[in-house]
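Here the structure comes first, spelled out in structure tokens, and everything after it is commentary.
The values are calculated or read from the model by the stated rules, or taken from the named source; none is laboratory data. Computed from a predicted structure; not experimentally measured. FYI the Cβ positions are ideal-geometry reconstructions off the backbone, even for glycines, and counts take in every protein chain you see.
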Amino acid sequence: MNKKQTIGKRSTLLEFDKEHVWHPYTSMSSPLPSYLVESANGVYINLASGESLVDGMSSWWSVLHGYNHPKLNAALVEQSTKMSHVMFGGLTHTSAIELCDKLVQLTPQGLDKVFLSDSGSVAVEVAMKMAFQYWQSKEGQNKENRSYDYSSKTKLLTVRNGYHGDTFAAMSVCDPVTGMHQIFDKVLMKNIFAPTPTCKFGEQWQAEDVKELTELFKRHHHELAAFIIEPIVQGTGGMRFYHPEYLKACRQLCNQYDVLLIVDEIATGFGRTGKLFACEWADISPDIICLGKTLTGGYITLAATLCTSEIAETISNGEAGCFMHGPTFMGNALACAVANASIDLLFENNWQQQVQSIEQALQTLLLPLKSHLRVKDTRVLGSIGAVECLQAVNVAVIQKRFVELGVWIRPFGKLIYIIPPLVINKEQIVKLVTAMTTVLNEDECFI
């Protein structure tokens with residue numbers, strides 16, 4: 001195929017894509033532009049039009065070790081020669097068993113039971129269902145020692161500016177005002193929202209930050225099945241980094257008021273914040289933890305929800321006799337195999353050193369952008385760097401400029417942020433931050 005035919009084929013593909021393929025968070029009548037990818041290697045996304053872009057997004061935070069990694073590729077190939085998938089009902093396999101063993105060993109103490117699913121949002125749904133079914137199963141026990149029925153514990157408490165996924169139960173604990181799901185408000189279950197944590201990571205702790213949260217626990221604990229929160233980093237809700245003492249207080253309040261604690265580590269897990277799991281910053285263990293995104297190094301969709309033995313046994317001894325959930329592709333063998341390889345690679349590559357190198361580079365290069373006239377704040381934690389602007393970005397225009405500048409950064413709202421693969425080097429980080437600095441000086445990139 002000659003160059004003219006190649007360009008023609010590329011144009012035809014993009015035309016079909018524009019007409020028929022519905023991309024996330026975009027309109028079909030006036031879609032944001034999409035760029036045709038030919039391949040990806042390391043930290044580079046290679047477009048069919050010839051550009052190679054330094055990836056600052058890790059494909060929505062999932063690609064941990066870079067693209068097309070030989071060890072992850074090998075894990076997929078080896079597993080595929082045995083089987084790609086078998087149903088997990090009544091059957092099991094080595095890849096899933098080994099993965100669950102790793103997760104039990106690595107996650108905070110007490111999380112001994114692993115339920116595998118196929119996306120982060122579903123992992124949150126699973127966690128919520130576990131919490132609800134736990135209290136339903138617990139009803140009838142020790143009634144004389146309490147003033148209310150456990151069956152009334154049917155609501156969730158969370159904080160504003162949170163994000164936990166796009167499926168229905170998960171949407172109900174995303175921010176109801178500033179989140180993406182206001183249009184579904186009338187059909188979502190109604191949960192209870194506390195103010196956003198205001199005491200920032202690295203600042204002096206202010207106990208007043210949990211005053212209203214404490215009041216909500218006191219007022220509503222009889223109807224609360226669980227409290228759910230993203231530990232330390234509120235991601236899509238604004239890349240906010242809050243004080244570990246806040247999370248520690250959440251654990252204490254859950255203990256005091258007999259409420260389960262769910263932590264959503266889908267974005268923060270596996271080293272992203274500088275700890276293997278972000279709840280380690282507060283030295284706490286939740287009752288339920290949700291994992292996803294980087295679990296497979298960004299190769300195949302897979303998620304896990306881990307809970308305590310007490311929760312699993314209570315549910316299993318309840319009226320239903322089992323947990324009422326079972327995804328078709330639960331425990332997918334290909335996904336479990338590459339997840340095992342990704343976790344092994346994390347430690348082989350000395351992830352702490354990788355994250356520290358990224359953090360140091362971002363502190364040096366990105367934090368000074370706070371002085372820019374268009375910037376409200378800059379934040380860095382682990383491998384995450386965020387620039388909060390005073391104006392909202394024009395996504396279509398700024399995306400095009402980033403491509404022209406040789407990087408892939410996908411801003412939203414007033415945020416321009418990066419969370420690159422751990423294998424990125426200083427020179428590539430410089431290119432990302434230089435591109436961010438360039439667009440800050442261009443009026444057309446902002447609304």
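Descriptive notes on the structure:
- Of the residues making up the range 395-432, just one is polar (S, T, N, Q) and in contact with a Lys or Arg (Cβ under 9 Å, 6 or more places away or on another chain), namely 399.
- With respect to the conditions (1) part of a strand (DSSP E or B); (2) charged (D, E, K, R); (3) more than 20 Å from the chain's Cα centre (by Cα), residue 388 falls short on a single one, namely (3).
- The residues of the range 289-332 that are out of contact with any strand residue (DSSP E or B) (no Cβ under 9 Å at 6 or more places or on another chain), among the acidic types (Asp, Glu) and part of a helix (DSSP H, G or I) amount to a single one, 310.
- Scanning the range 16-30 for residues that are under 25 Å from the mean Cα position of the chain (by Cα) and more than 21 Å from residue 299 (Cβ to Cβ) turns up 21, 22, 25, 26, 27.
- Among the residues of the range 37-53, the ones that are more than 25 Å from the chain's Cα centre (by Cα) and part of a loop (DSSP other than H, G, I, E, B) come to 4 in all.
- Test: residue in the range 308-328 that is within 19 Å of the chain's Cα centre (by Cα) and surrounded by fewer than 23 Cβ atoms within 10 Å (Cβ to Cβ): no
- Residue pairs whose Cβ atoms lie under 6 Å apart, sitting 6 or more positions apart in sequence or on different chains, and linking a residue in the range 73-97 that is in the same structural domain as residue 340 (by TED's automatic domain parsing) to a partner that is in a loop (DSSP other than H, G, I, E, B), are 85/332; 88/330; 88/331; 96/331.
- Search result, residues across the range 19-42 that are modelled with pLDDT of 90 or more, over 23 Å from residue 407 (Cβ atoms) and out of contact with any Phe, Trp or Tyr (no Cβ under 7 Å at 6 or more places or on another chain): 19, 20, 21, 22, 29
- Checked against the criterion of being crowded, with 20+ Cβ neighbours inside 10 Å, polar (S, T, N, Q), outside any strand (DSSP E or B) and not assigned by TED's automatic domain parsing to the domain that holds residue 382, the candidates 236, 214, 198 yield just one match: 236.
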